[in-house]
Amino acid sequence: MSREIIKTDRAPQAIGTYSQAVKVNTTVYLSGQIPLVSESMEMVEGDMRAQIMRVFDNLQAVAEAAGGSLADVAKLNVFLTDLGNFPLVNEVMADYFDEPYPARAAIGVAALPKDAGVEMDAVLEL
């Protein structure tokens, strides 16, 4: 088994005991991303749309560091503190993904790190 740790300065650095992503053979497991700005490690300013866009931008940066892109996402997990924002996730997601879309789950949670409204993780197949 070939295992490679993926790391990039274009996405927020890990704020715990985990890696931004782990590549095993041709599969890449992207850790959860919240709407942190990589340069400042502060939450993005703006509304929920800005948070969702930042999360997709962060996932894209890690995917690119692994040699892929969001087009390679096979599975996307979306965690929301307010499931009322799910239609907005769909709207913004259409700007980042083309059909056929990845498999996806949307999960309502009580809280996320740094009081984020959204977190996403993904699995890529290169």
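Where a number appears in this text, it was derived from the coordinates with a stated rule and is not lab data. Quantities reported herein were computed from a predicted structural model and do not represent experimental measurements. FYI the Cβ positions are ideal-geometry reconstructions off the backbone, even for glycines, and counts take in every protein chain you see.
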Legend entry - Excluding exposed DSSP-loop GluC sites (Glu not before Pro) (at most 14 other C-beta within 10 Å), longest clean stretch of the chain: 46-126
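Can you sort Leu83, Leu36, Leu124 from fewest to most other Cβ atoms within 10 Å of each residue's own Cβ? Numbers along the way, then the final one.
Numbers: Leu83 13, Leu36 22, Leu124 27.
In increasing order of surrounding Cβ atoms, one gets Leu83, Leu36, Leu124.
Just to confirm a number: summing +1 for Lys and Arg and -1 for Asp and Glu over residues other than Val22 whose beta-carbon lies under 10 angstrom from that of Val22, what do you get?
Values: positive: Arg3, Lys23; negative: Glu4.
Cβ neighbours under 10 Å give a net charge of +1.
What's the local net charge at Asn85, with K and R +1, D and E -1, over the other residues with C-beta under 15 Å away? Don't skip to the answer; put the middle values down first.
Working: positive: Arg49, Arg54, Arg104; negative: Asp47, Asp82, Glu91, Asp115, Glu119.
That works out to -2.
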Inset, instruction - Give the relative contact order (percent, whole number) for the chain; include only Cα pairs under 8 Å separated by 6+ residues. - result: 31 percent
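Counting other C-beta atoms within 10 Å, which of Leu59, Leu112 has the fewest, and how do the rest follow? Kindly include the intermediate steps, with their values, before the conclusion.
On the way: Leu59 26, Leu112 16.
Going from least to most buried by this count: Leu112, Leu59.
So if R0 is 25 Å, what FRET efficiency would Ala94 and Tyr29 give, r being the distance between their Cβ atoms, rounded to the nearest 0.05?
On the way: r = 24 Å, r/R0 = 0.98.
Computed FRET efficiency for Ala94 and Tyr29 comes out at 0.55.
Sort Phe79, Phe97, Phe56 by Cβ crowding within 10 Å, fewest neighbours at the top.
With the fewest neighbours first, Phe79, Phe97, Phe56 line up as Phe97, Phe79, Phe56.
From the helices alone, meaning DSSP H stretches of at least four residues, give me the mean residue ellipticity at 222 nm for the chain, per-run term -39500 (n - 2.57), in deg cm²/dmol to the nearest 500. The partial results should precede the final answer.
Numbers: 2 runs with 29 residues, N = 126.
Taken over the chain, the calculation gives -7500 deg cm²/dmol.
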Legend entry - Distance (nanometres) between label positions extended 7 Å along Cα→Cβ at Met41 and Val22: 2.3 nm
Legend entry - Cα long-axis angle, helix 48-65 against the chain (0 to 90 degrees, to the nearest 10): 0 degrees
Inset, instruction - Working from Cα positions, state the angle (0 to 90°, nearest 10) between the long axis of helix 86-96 and the longest principal axis of the chain. - result: 40 degrees
